[in-house]
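Working notes, structure below.
Values quoted throughout were computed directly from the atomic coordinates according to the rules given, and no laboratory measurement underlies them. Since the structure is predicted, the reported quantities are computational estimates derived from the model, not experimental observations. Using ideal geometry, Cβ is built from the backbone for each residue, glycine included, and neighbour counts are taken over all protein chains shown.
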Amino acid sequence: MSKFFETKIEFLKGIGPQKASSLNTELRIFTFGDLIQHYPFRYEDRSQFYKIKDLSDELSAVQIKGQIKSVTAVTKGKKRIVATFADDTGTMELIWFQGFKWIAKSLKTNVDLIVYGKPNLYGRKFSIAHPEIELPTESVLTKGLQPVYNTTEKLKNKFLDSKAIGKHMQTLLETAPQHITETLPDYLIQKFKLISKREAVVNIHFPKNQKLLDEAKRRLKFEELFYVQLKLLKLKVTRKRDYQGMVFKNIPTLNNFYNEHLPFELTNAQKKVIREIYKDLCSGKQMNRLLQGDVGSGKTIVAFICMLMAIDNGAQGCLMAPTEILADQHYKGLKEFADKLNISISLLRGSTKQKERKIIHEQLESGELKIIIGTHALIEDVVKFNNLGLCIIDEQHRFGVAQRAKLWKKNTGTPPHVLVMTATPIPRTLAMTLYGDLDVSVIDELPAGRKPIKTIHQYDKNRLKIFGFMKEQIELGRQVYIVYPLIEESEMVDFKNLMDGYESISRAFPEYQISIVHGKMKPDAKEFEMSRFLKNETQIMVATTVIEVGVNVPNASVMIIENAERFGLSQLHQLRGRVGRGADQSYCILMTDFKISRESKTRIETMVRTNNGFEIADVDLKLRGPGDLAGTQQSGVLDLLVSDLSQDAAILQASRDVATEILEEDPSLDLPKNKNIKMHIESLSKTAVNWSRIS
Ligand code: ADP
Ligand code: MG
């Protein structure tokens, strides 16, 4: 790697200590390497000229060649200077609302000029407000694509707007290219017809033409995604090589469970996934597997069956859930099975009493207790296992990486096998990147006999109709959820909405019992209300999103979501997943105000159109970008500089495939042809800073 890119930014001609300090704090640009990787976020197309007759107000900024014919100062209404500008096809106006003196002095009439700006249509005349004006010199006429750089208000005040950053970039690029070395081996460059690293870096800043810009982007994206994938796959390979796994071959209890106690026929998808996991658990290597399955696809029973594999071979199993309600529910469901099989099972939560806790700790350590279900309480240091064989994490996106790691350090000898389950379907590209080091199993089928949930969008003003519908459903014996948003910043207002809603429901349905559950309630009180609803002692459950994850009340068939426009797509999908769990036709009703944003509209329309979690996840990725999706916040792998997971699926797949091939042939990257790769990986791991990607 070249030392050149470690040079402090203040040593670039024209920058100096003051500007350097602003660049440090505002954009985290410290070195030449950081600056050169401050890639433009878009480009202005200065390669084309428009004629006035071809303008439309749909266009973004355009440039036009012509002459100013006259200049007038308008004092009526808002003070402004208006210039008439003409080319050989028509006339338009240029308008300024400030800087009058300077403009009046410098505007030249009847000379050729180039103006640049966004055309607006007022009446039948086009105008550009505050256009850029330049003389048609050689350099202006051959500008081509101009980079636009991210900057901040503070930097603009320090004379570091996008244009200025571009100037500094030009200075840097006078000397930088000779220091840029190739990071990919020749055979990959040829195979994928990539341009060189040097050419790519120069052209991503100052593209000679659109084609070269596209080539530059493709090259840099490929490199970026290739190294992310290679790193993840290498981790997987090393783990498989270095970590032994306990072998869980004998499964008498499991067979007994299958033959005697299975409450329903497993779906083919469940069977397939169980086979995949069993194969892992017999392999002698540690399993690290992600189990994806849409809400209601039946992951819990799969988890239980896998725990039986561990128990049948003298090990213990644990299942960690993100909330107390969910842990309780798992515990109750699985205890029924465990009791039939004479397997000890306990529940450990934050609210577990000290005395009981002590007993659980002792029994876990002695090995007497075989299955433990719990919340975060499981990762506390005091919790020790005799022989933890399988660690299952439900709704894993709610846990941080560090929390997960703590759990699988619970065994001193061989690490436990790890199964993480998620009901938040994520697009393939994101899964490959977020969980690229895990093996993935997917339950892509719902149990038979489920009717697809009908989803309906309703405006608030139709509330009476909805009340009527609720009544019908309750009279048929069903139960109803009504969910209110509760988001922290506006908690007080939200809380009032929830309470008002509860009161108006109570008034509208005096003949029914109504539960309320929200985050401010004590765990016992929540639990009490949830269990009343579960037993059908209450018919309506008014709640916040605390019920979002996992709760299972098969008799509930109507989910009403208030202010649905305020929920994210994956949250809406999770909430909807609370119904449709029994044999009855279920409904999800999304209530919104009449006026909602375009993005909210897309979310609601998507929900109405499809029940498919993966399709929903794709739309979500497009709407929000990967950085905001559930679970990605704690992940460094998504610090992508040039790639966009919602658009670059093809490049990602190609780079992952070829990375897999390379590691199969040469796991330690010792072959001469992979020298570049090895060197680059080493430089990447030596330093956490960005510039290493350059050299
Ligand atoms: P999730 O994947 O969302 O965690 P659960 O494990 O809670 O789903 O299962 C949802 C419901 O479906 C539960 O009531 C469960 O008992 C039931 N279930 C699971 N598998 C099957 C199956 N193969 N056939 C019928 N019902 C099933
Ligand atoms: Mg679940």
Looking only at the chain, where both bridge partners belong to it, what percent of the DSSP beta bridges are antiparallel (to the nearest 5)?
40 percent
Where a Cα-Cα gap under 22 Å defines reach, which lysines qualify for LYS601, not counting those fewer than 8 residues away within the same chain?
LYS454, LYS461, LYS465, LYS622
Only helices counted: for the chain, with every DSSP H run of 4 or more residues adding -39500 (n - 2.57) and the sum spread over all residues, [θ] at 222 nm is -12000 deg cm²/dmol
Compute the long axis of helix 354-366 from its Cα atoms, compare it with the longest principal axis of the Cα atoms of the chain, and write down the angle in degrees, 0 to 90, nearest 10.
90 degrees
The convex hull of the Cα atoms of the chain, divided by residue count, gives a volume in Å³ per residue of 211 Å³
FRET efficiency for PHE11 and LEU641 from the Cβ-Cβ distance with R0 = 22 Å, rounded to 0.05, comes out at 0.40
Reachable lysines, given that their alpha-carbon falls under 23 Å from the alpha-carbon of LYS79 and they are not under 8 places away in the same chain
LYS69, LYS101, LYS105, LYS108, LYS118, LYS125
For segment 229-311, what size does the Cα cloud have along each of its three principal axes, sorted from largest down, in whole Å?
43, 30, 16
Just name one of LEU652, TYR122, LEU438: the one whose Cα is farthest towards the positive end of the charge dipole of the chain (beta-carbon charges, Lys/Arg +1, Asp/Glu -1).
TYR122
Which whole-number percent of Cα pairs in segment 482-585 have a distance greater than 18 Å?
47 percent
Please list the radius of gyration and Dmax for segment 48-142, considering alpha-carbon atoms only, with Å as the unit.
12.7, 40
In nanometres, the difference between 0.36 nm per residue of separation and the alpha-carbon distance of SER21 and SER351 is 113.8 nm
Inter-label distance for LEU135 and ASP45, nm, one decimal - labels placed 7 Å from Cα along Cα-to-Cβ
2.9 nm
Summed side-chain charge close to GLY613 - residues other than GLY613 whose Cβ falls under 12 Å, Lys, Arg +1, Asp, Glu -1
-4
In whole Hz, with x marking every Gly and Pro, tabulate ³J(HN,Hα) for segment 66-73 from phi via Karplus 6.51 cos²θ - 1.76 cosθ + 1.60, θ = phi - 60°.
x, 9, 7, 9, 7, 10, 10, 9
So if we plug the beta-carbon distance of GLU615 and GLN178 into 1/(1 + (r/R0)^6) with R0 = 41 Å, what FRET efficiency do we get, rounded to 0.05?
0.25
Could you grab the relative contact order for segment 454-610? Cα pairs under 8 Å, six or more apart, rounded to a whole percent.
33 percent
What is the Cα convex hull volume of segment 203-343 when expressed per residue in Å³?
175 Å³
How far is helix 324-340 tilted off the main Cα axis of the chain, in degrees rounded to 10, range 0 to 90?
40 degrees
Protection proxy (average C-beta count within 10 Å per residue), highest first, orders 43-54, 325-336, 500-511 as 325-336, 43-54, 500-511
Excluding same-chain residues fewer than 8 positions from LYS271, which lysines have a Cα within less than 27 Å of its Cα?
LYS236, LYS240, LYS249, LYS279, LYS285, LYS299, LYS332, LYS335, LYS340, LYS370, LYS451
Computed lengthening from ASP657 to GLU511, 0.36 nm per intervening residue step minus Cα-Cα distance:
46.4 nm
Label GLU664 and ARG598 with points 7 Å out from Cα along Cα→Cβ: what is the distance between them in nm?
4.5 nm
Amide H neighbours of ARG80 at under 5 Å, excluding residues fewer than 5 places away on the same chain, with H built from the backbone geometry, are VAL74
For the charge dipole of the chain, defined by +1 on Lys and Arg C-beta atoms and -1 on Asp and Glu C-beta atoms about the Cα centroid, which residue among THR602, THR414, GLN354 has the Cα displaced farthest towards the positive pole?
THR602
Treating only Lys and Arg (+1) and Asp and Glu (-1) as charged, each at its beta carbon, one finds that the chain has a dipole about its Cα centre, in Debye to the nearest 20, of 1540 debye
Just need the relative contact order of the chain here, percent rounded to a whole number, with Cα pairs under 8 Å and 6+ apart.
13 percent
19 Å cut-off, amide nitrogen to a point 7 angstrom out along ALA650 Cα→Cβ, residues in segment 188-209:
189-195
For segment 113-123, in order, what is each residue's ³J(HN,Hα) by Karplus, 6.51 cos²θ - 1.76 cosθ + 1.60 with θ = phi - 60°, in whole Hz (x at glycine and Pro)?
9, 10, 10, 9, x, 8, x, 10, 10, 10, x
State which entries of LYS143/LYS163; LYS163/LYS197; LYS143/LYS208; LYS193/LYS673 exceed 19 angstrom in Cα-Cα distance in the structure shown.
LYS163/LYS197
Residue span LYS279 to TYR122: 0.36 nm per residue of separation minus Cα-Cα distance leaves a gain in nm of 49.5 nm
So for the pair VAL111, MET499, with labels modelled 7 Å out along Cα→Cβ, what separation do we get in nm?
7.1 nm
